[in-house]
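The values are calculated or read from the model by the stated rules, or taken from the named source; none is laboratory data. Everything numeric here is computed off the predicted structure, so don't read it as measured data. Every residue, glycine among them, receives a Cβ derived from its backbone with ideal geometry; neighbour counts consider all protein chains shown. When the accessible area is computed, the model is the full protein with side chains, heavy atoms only, and any ligands, DNA or RNA have been set aside. Shrake-Rupley method; radii C 1.70, N 1.55, O 1.52, S 1.80 Å.
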Amino acid sequence: MKQFQVEPMFGSDLWEIAGFNIAFTNSALWMAIAVFLLWAFVYSGMRRDLVPGRWQMAVETFTGFIDDMLEANIGKEGRKYVPYVFSLFMFILFANLLGLMPVGIIPGVHAFTFTSHFTVTGVLAVLSFSIVLIVGFWKHGIKFFTLFIPHGTPMPMIPAIFLIELFSFLIRPFSLALRLFVAMMAGHVLLKVLSSFVIDGANYSIGTTLIVALPSFALMVAISALEILVAGIQAYVFALLTSLYINDAEHLH
C-alpha cells in the first residue's frame with residue numbers, strides 16, 4: 001500500500017507552525033502538477049484563430065462537451081456553471097491520468113494518484129455540494145425544503161418521505177466522493193497485485209514464468225488500458241452528478 005502513502009517532502013520538521021504540521025506532501029505536489037497542466041492546457045487553447053490548431057480544438061471540444069452536458073441537464077441556466085464543472089472535470093481527469101504515468105522508470109520517482117484518497121475526493125464533493133446549497137437557498141429561500149417532499153405526496157406520508165429524501169440528499173457528497181475514491185484505489189491495487197505476480201513469477205523457473213508471469217503481464221496491460229478508460233469515465237460521472245445536483249437546486253421538482 002506504499003503507493004497510497006502520503007509523505008512529507010523537504011523534511012517534515014521544517015513545516016511545524018503553532019504545533020501543527022503543514023508539510024508539503026507528495027499528494028500536494030501532484031495536485032500542483034495537475035493544476036499546472038490544467039492551466040497550461042487551457043492557456044494553450046485560448047487562441048482565437050480562424051482555423052483552430054490542435055490545442056485550441058481540444059479545449060473547445062472539452063468546453064463544448066461540458067456545455068452540452070450542462071444545457072441538457074440544467075437548461076440555458078447551466079451555462080454559468082461551465083467554468084466550474086469544466087475545471088472540476090479536467091482536474092479529476094488529469095489527476096487520474098497522472099497516476100497512470102510510467103514515471104517509475106526514473107529512480108526515486110513514482111506517480112501518486114491523489115484521487116485515491118477519500119480526503120481529496122471528499123473535499124471536491126463537499127465543494128460541489130456547497131454550491132448546490134448556496135444556489136438552492138439563494139434562488140428559492142425556505143422553499144428549497146420542498147425538494148424533499150415530492151409533488152403529490154399524501155399528507156400522512158409527508159414526515160416519513162421528508163426524512164428519507166433529506167437523508168438521501170445529505171448522503172450525496174459521501175457517495176460522490178466514495179465512488180471516485182474506490183474506483184481509483186481498487187484499480188491501482190489490482191495493478192500492484194498483478195505486477196507482483198509478474199516479478200515473482202519471473203524470478204522462479206521458466207515454467208513459472210510461462211504459467212504465471214506472462215499471463216499476469218498480459219492481464220496487467222489490458223487492465224492498464226481499462227484504467228485509462230475508467231479515469232475518463234470517473235471524471236465524467238463526477239461532473240455529471242454535480243450537474244444533476246445543481247439542477248435540483250435550480251429547478252425544484
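Scan the stretch 1-24 and report the pairs whose first residue is under 17 Å from MET185 (Cα atoms) and whose second residue is at pLDDT 75 or above, with Cβ atoms within less than 6 Å and a gap of 6+ or a chain change. That search, which allows pairs on different chains as well, returns PHE4/SER116; VAL6/THR25; VAL6/SER27.
Put simply, of ILE142, ILE171, ILE134, ILE149 the only residue that is in contact with an Asp or Glu (Cβ under 9 Å, 6 or more places away or on another chain) and open to solvent by 40 Å² or more (accessible area, probe 1.4 Å) is ILE149.
Against the condition surrounded by 17 or more Cβ atoms within 10 Å (Cβ to Cβ) and without any contact (Cβ under 8 Å) to a residue 24 or more places away in the chain, how does ALA213 come out, does it pass? Criteria met by ALA213.
All but one of (1) in contact with a Phe, Trp or Tyr (Cβ under 9 Å, 6 or more places away or on another chain); (2) open to solvent by 70 Å² or more (accessible area, probe 1.4 Å); (3) more than 30 Å from VAL126 (Cα to Cα) hold for LEU163; which doesn't? Unmet for LEU163, out of (1) in contact with a Phe, Trp or Tyr (Cβ under 9 Å, 6 or more places away or on another chain); (2) open to solvent by 70 Å² or more (accessible area, probe 1.4 Å); (3) more than 30 Å from VAL126 (Cα to Cα): (3). The one condition from (1) within 20 Å of the chain's Cα centre (by Cα); (2) in a helix (DSSP H, G or I) that LEU166 does not meet is (1).
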